[in-house]
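Report on the following structure.
The values are calculated or read from the model by the stated rules, or taken from the named source; none is laboratory data. Because the structure is a prediction, the values reported are computed rather than measured. A quick note on method: Cβ atoms are made from the backbone with ideal geometry, for glycine too, and the neighbour counts reach across all protein chains shown.
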């Protein structure tokens, strides 16, 4: 398993992995508006260029992605279904955590991922919110 930054030419593949995994696991918890809001977010080239992507590669195949803003806010964190529960998400998280100079790393977690983030050491900072159809719980990890 190799964890590394995603090259510019790999970004479309990374975003497609995010979208496909979102549709499988997250979208059922969202309204049509929420799904559309998320789609617009991940495919917006202006936003796209402000995000740093890291990937987990198994035999040169991208199997998981974590994306951050300024390496202190996680904005996407997805692992393909067939690779889940194998420690890949934890390795992606540890890579970001260990390479971030931030004392606090934040995330707005989907309902599906709240238990995952709690296992990784994140704590809720507020109750579940709803913005533009997106349900999320603000969370943080303090180093």
Give the residues of the range 17-50 that are more than 17 Å from residue 109 (Cβ to Cβ) and in contact with a strand residue (DSSP E or B) (Cβ under 8 Å, 6 or more places away or on another chain), sorted by residue number.
-> 17, 50
Give the number of residues within the range 111-138 that are surrounded by 13 or more Cβ atoms within 10 Å (Cβ to Cβ), touching a strand residue (DSSP E or B) at 6+ places or on another chain (Cβ under 9 Å) and more than 23 Å from residue 89 (Cα to Cα).
-> 0
Could you grab me the full set of residues in the range 66-83 that are under 19 Å from residue 143 (Cβ atoms) and touching a residue at least 40 places away in the same chain (Cβ under 8 Å)?
-> none
Under the condition of being over 18 Å from residue 73 (Cα atoms) and surrounded by 12 or more Cβ atoms within 10 Å (Cβ to Cβ), which residue from the range 45-60 is modelled with the lowest pLDDT?
-> 58
Run residue 100 past the list (1) at pLDDT 95 or above; (2) farther than 19 Å from residue 21 by Cβ and report the number of the one that doesn't hold.
-> (1)
Lone unmet requirement of (1) more than 18 Å from residue 22 (Cβ to Cβ); (2) crowded, with 21+ Cβ neighbours inside 10 Å for residue 79 = (1)
Looking at the range 62-71, which of the residues that are at pLDDT below 95 and more than 18 Å from residue 110 (Cβ to Cβ) is surrounded by the fewest Cβ atoms within 10 Å (Cβ to Cβ)?
-> 70
Give the range 84-143 a look and list any residue that's in contact (Cβ under 8 Å) with a residue 24 or more places away in the chain, in a loop (DSSP other than H, G, I, E, B), more than 19 Å from residue 24 (Cβ to Cβ) and touching a helix residue (DSSP H, G or I) at 6+ places or on another chain (Cβ under 9 Å), or say none.
-> 120, 132, 143
